[in-house]
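A short worksheet on the structure shown next.
The values are calculated or read from the model by the stated rules, or taken from the named source; none is laboratory data. Only a predicted model underlies this, so the values are computations on that prediction, with no experimental measurement involved. Methodologically, a virtual Cβ is constructed for each residue, glycine included, from the backbone with ideal geometry; neighbour enumeration extends over all protein chains shown.
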Amino acid sequence: MRTPILIFGLIVFFFASCSLVYAQPFEEIEIATGADPHWSPDGTKLAYVYHAALYVANANGEGEPQKIEELPENAEGFAWLDSNEFLVWGRDYGREEGGMLNKSNWIQAINKNGEKRSIARDKEIAEDSKPHEIPLISGLTILNDGTIGYWETPMGVEDEWENTNKVFHIIKQGKLPPDSAVKQLQAVWHYGGIYSRGGKQVYPEQGIWLESVDGTINKKVSSCDHCSFPVLSPDGTKILVVCGAKCPTCILDLNGNESCVGKEPIDPSDPMDTVFIRGNVNGLPVWSPDGEKIAYGYHWYKPVMEGYDDVDIIEITSDIYIENWDGSGRIQVTDTPDIAEGGPVWSPDGSKIACTDSKTAKIFVIKLR
């Protein structure tokens, strides 16, 4: 009769062991100090910005970070072009009577040796009422298949907000051929506060839309006046948005139906309580590469008060959470009161997350498997 008991004991031990392993903290590695980490295409390195310069560090924390180059003045963002080169974009300004004037939008490439080459540049004219005398360009657009490109408004178009005549120029071809790449859909947030140079409201119907790069598909998904910052899932079937009014984060299907995901915000029951804690989603939630999960930072505020009138110190911490796209299987990835992790970025294979500490500006990599 001991055999069944032995087998049962082994089964209990097996599941207890699995549960114990599952409950172990995820490994967290300090990589560098900086901001805006970007994974390399092969997932072995991280590029980031530190003191207005571009750096690269090994994602396993080994070795010393490499300084690539000082970023151009007025740079607004960067992306990996390939394993040896980066794309940087921004705009230059000039001062004229009445204030600052946007003089030129530009995109350039920088390789790991610091060598630069121009990809595209425009030059704004001062007279707002005249048609553009040269093409205008936008910042980078990165599509789901990996295609990287930018928009150009041709010469003679009176309004750069006019969508009908824009041309999409491909810098790097992704997995799809060019004709298919420009058919890809993007989730777009149209809101009513943008007006053209002539005073016309640019987007008469605000809400969340699906638009193809070439403009042949244009579909309104939801009016959703509380939705913002939409991101289409990798498989093109769902849209992740910041909800705000209804819940911190929502998933929209392509018919506009909403479902809440993400850890619920905490509000104080007594605003005069000196020990209350407030919590809410920190930054923007992000899709995993396979579109099955989302990751986000969740931050906690604990005011430290003297009396009821002034808040002397606000203690802040933040942790990373991941969960399935339907809101199930939520896991608290970090539990570090002294580190305020936020801004998660998935590695290309989904096995790791990079994040930053808002207290110290340190960059960490968390191994999920």
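Test I239 against the criterion of being on the phi < 0 side of the Ramachandran plot, buried (at least 19 other Cβ atoms within 10 Å of the Cβ) and either at pLDDT 95 or above or not assigned by TED's automatic domain parsing to the domain that holds S222 (or both), and give yes or no.
So I239 fits the description; yes.
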Note: among D326, D349, just one is part of a loop (DSSP other than H, G, I, E, B), within 28 Å of D145 (Cβ to Cβ) and at pLDDT 95 or above, namely D349
Any residue in the stretch 65-80 that is surrounded by fewer than 14 Cβ atoms within 10 Å (Cβ to Cβ) sitting within a Cβ distance under 7 Å of a residue that is in a loop (DSSP other than H, G, I, E, B)? List the pairs, counting only those 6 or more apart or interchain. E70/A52
Going by the conditions given, is P337 at pLDDT below 90 and not small (G, A, S)? yes
How many residues, within the stretch 103-138, are in contact with a Gly (Cβ under 8 Å, 6 or more places away or on another chain) and at pLDDT below 75? 3
Sort through G207, G279 and tell me the only one that's assigned by TED's automatic domain parsing to the domain that holds R330, at pLDDT below 90 and surrounded by 14 or more Cβ atoms within 10 Å (Cβ to Cβ). G279
Restricting the search to the stretch 39-60, which residues are of a type outside the set (S, T, Y) and surrounded by 15 or more Cβ atoms within 10 Å (Cβ to Cβ)? W39, G43, K45, L46, A47, V49, L54, V56, A57, N58, A59
